[in-house]
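Enquirer: For reference, the structure I am asking about is given below.
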Amino acid sequence: MKKIGLLALALVLALGALGVGYAAWTDTVTIEGTVNTGTVDLVVEEYSGMWMWKIPGGRPDYELSTDPAYTPTATGGDYDDPFIVAYSSAAQTSAGATPAPVDDSVTVTFDNLFPLTDAAGTVIPWEADFECHYVGSIPVKVMLEAIEIEADKGSDFSDLTIDISGYVKLDGATSWTKVTPAELEGTQLHYCDWVRFVIEILVPQHAGEAENVPNMGQSGTITGQIKVIQWNEYKTPD
Amino acid sequence: MKKFGLLLLALVLALGALGVGYAAWTDTVTIDGTVNTGEVCMSLVCPFSYLDNGQRPDGPDGTGYLVGTSHPSADWNASSTGTAAFVNNPVHMTKNVGWITTNCPEPVEGQVVEEVVITLHNMYPCYYNHISFGITNCGTIPIKLDHVTFLDAEDVVLTTLTDDGYLTLDLSKNQINDVEIYWGDNFGDQIEPGEHWDLSFWIHVMQDEGIDFSQVQNFTFKAAVTGVQWNEYPLGD
């Protein structure tokens, strides 16, 4: 009986020792926090173009404006009212929808084009342009995807050229800086920077009438894309 | 076993790199649109009209040669010094000797007439006529009359007018002028798409002593009227 008592005591002590092991003092560091992702967002905010006004009998008898609601200032017109002969413009694809849409789609129209020259007689392109505001939080770089004209059946635009140039307002600048297509490609945009993309179509002026005739009365469609990509994934075009 | 582990690690790294490449964040602006070019187009308007109305005197419906003054088929005559400028006002004669025809086609909606041949028949020195015609703007761009080029039968340019005035032509190529023309002032006038100019010129057959009038002589000249998109007028050199 005495042995049984000793055995029970030993068991109690062993269990007690085990209990001390589980009761060791501890301290815990708790990690809490928030996570949010950045944004890549180029918003098209303004649209413009070129409108060629014809002013019958005016001096001068034509004016070029960047406003379709423009009132020509020439005087001396003796018949008819001024009217728009040709224009190139950009507009929001779903303009007029209610509620006002927010989209990244632009429709450009180049209508009744002919060779256009500046005061020095140099042939200049017709332009349709739109301004984009970069409101994303992640820096991006501009990628100019191919823009091209697909001629309708029976038409041929091989003699005309289409390109994208632009202007930028970066780092809080208040005025536009013109950049070439080569400079525009890869331009880095930060939050609140602006970039104006200009779609240009140049109708050449040849010396001979026979060379100009194939460029008349042609029609086609324009397709293109402008992409911005997070700056650290940008790859220089081949 | 160790080699297999390295292989797995390389595969994971490769997929990871691939995943990063495709996962770049982007935003795209899509551009769609249309383009069409305008057209500069001029078309002669038929029929032409003449001061001497062009009735043939000896045809089945002819008027005969002696028609009397003021008859619409009676010829008109003018004279000159042999150089440019008619010296006398044209005089309405009493005979119907010369006449004019053209190959003007019957008017057809939408048809563009780029060339009309005017033939002056049975001409003689002093014969005069006033030829009127229209040119319509069949394009989409306003145009102005820039210049008129006179060419011979082989399309060699004889002279070019950029303003109203007289000119003489040596169509017989014998160094003696045989035709005199006055082109009125339409240069710089503009026509809108769908509208037209009224143009005219005077023509006077001169005395060319070098021509053998005992045989029928045919002389040809061409007058090419060039219009230009209104905002590029004048074309200059």
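Coordinate-derived values only; no laboratory data. Keep in mind the model is a prediction, meaning the values are calculated, not measured. For neighbour counting, all protein chains shown are included, and Cβ atoms are generated from backbone atoms with ideal geometry for every residue, glycine included.
Enquirer: Report, in whole Å, the centroid distance computed from the Cα atoms of segment B:102-144 and segment B:181-201.
Expert: 12
Enquirer: Can you pull out the trypsin sites (Lys or Arg not before Pro) in segment B:131-237 whose DSSP state is coil and whose Cβ has at most 11 other Cβ atoms within 10 Å?
Expert: B:Lys173
Enquirer: Of B:Lys144/B:Lys173; A:Lys54/B:Lys144; A:Lys54/A:Lys153; B:Lys95/B:Lys222; A:Lys141/A:Lys169, which pairs sit farther than 22 Å apart, going by alpha carbon to alpha carbon?
Expert: From the list (B:Lys144/B:Lys173; A:Lys54/B:Lys144; A:Lys54/A:Lys153; B:Lys95/B:Lys222; A:Lys141/A:Lys169), the Cα-Cα distance tops 22 Å for B:Lys144/B:Lys173; A:Lys54/A:Lys153; B:Lys95/B:Lys222.
Enquirer: Among B:Phe201, B:Phe221, A:Phe197, which comes first, then next, by fewest other beta-carbon atoms within 10 Å?
Expert: Least to most surrounded, the residues fall as B:Phe221, B:Phe201, A:Phe197.
Enquirer: Using alpha carbon centroids, what distance separates segment A:106-168 and segment A:33-62, in Å?
Expert: 12
Enquirer: How far apart, in nanometres, would the label points at B:Asn218 and A:Val35 be if each is projected 7 angstrom from Cα along the Cα-to-Cβ direction?
Expert: Label-label distance for B:Asn218 and A:Val35, simple model: 9.5 nm.
Enquirer: Measure of size requested: the Rg and Dmax of segment B:104-217, with Cα atoms as the atom set and Å as the unit; please supply both.
Expert: Expressed in Å, the Cα Rg and Dmax of segment B:104-217 come to 16.3, 51.
Enquirer: Okay, next question. As an exercise, use a Förster radius of 25 Å and the Cβ-Cβ distance of A:Ile84 and B:Thr226 to find the FRET efficiency, rounded to the nearest 0.05.
Expert: Computed FRET efficiency for A:Ile84 and B:Thr226 comes out at 0.45.
Enquirer: While we're looking at this one, here's another question. Pull out the extension gain between A:Thr73 and A:Asp238, defined as 0.36 nm times the separation in residues minus the alpha carbon to alpha carbon distance; nm, one decimal.
Expert: Values: separation 165, 0.36 × 165 = 59.40 nm, distance 4.85 nm.
Fully extending the segment from A:Thr73 to A:Asp238 adds 54.6 nm.
Enquirer: Taking square-rooted eigenvalues a ≥ b ≥ c of the alpha carbon gyration tensor, is segment B:180-230 rounded, prolate or oblate, where a/c under 1.5 means rounded and, failing that, a/b exceeding b/c means prolate?
Expert: Because a/c hits 1.5 or more and a/b exceeds b/c, segment B:180-230 counts as prolate.
Enquirer: Could I ask something else about it? Within segment B:155-184, report the chymotrypsin sites (Phe, Trp or Tyr not before Pro) that DSSP leaves as loop and that have at most 10 other Cβ atoms within 10 Å. Please list the in-between numbers first.
Expert: On the way: sites: B:Tyr166, B:Tyr182, B:Trp183; in loops: none.
Passing both the DSSP loop test and the Cβ count: no residue.
Enquirer: How are the Cα pair distances of segment A:125-238 distributed, in percent, across 5 Å bins from 0?
Expert: In whole percents, the pair-distance histogram is 2, 11, 19, 19, 15, 11, 9, 7, 5, 2, 0.
Enquirer: Also, quick follow-up: Calculate the mean, over all residues of peptide A:37-50, of how many other protein chain Cβ atoms lie within 10 angstrom of the residue's Cβ.
Expert: Values: counts 1, 1, 2, 4, 2, 4, 2, 1, 0, 0, 0, 0, 0, 0.
Per-residue shielding by partner chains comes out at 1.
Enquirer: Just to be sure I understand: if I project the alpha-carbon convex hull of segment A:116-167 onto a plane and average over all orientations, what area do I get in nm²?
Expert: The Cα convex hull of segment A:116-167, projected and averaged over all directions, gives 6.0 nm².
Enquirer: Follow-up question, since we're still on this one. Taking amide H atoms as placed 1.01 Å from N in the peptide plane, list the residues 5 or more away in sequence, or in a different chain, whose amide H sits under 5 Å from that of B:Cys41.
Expert: Here B:Cys138, B:Gly139, B:Thr140, B:Ile141 satisfy the definition.
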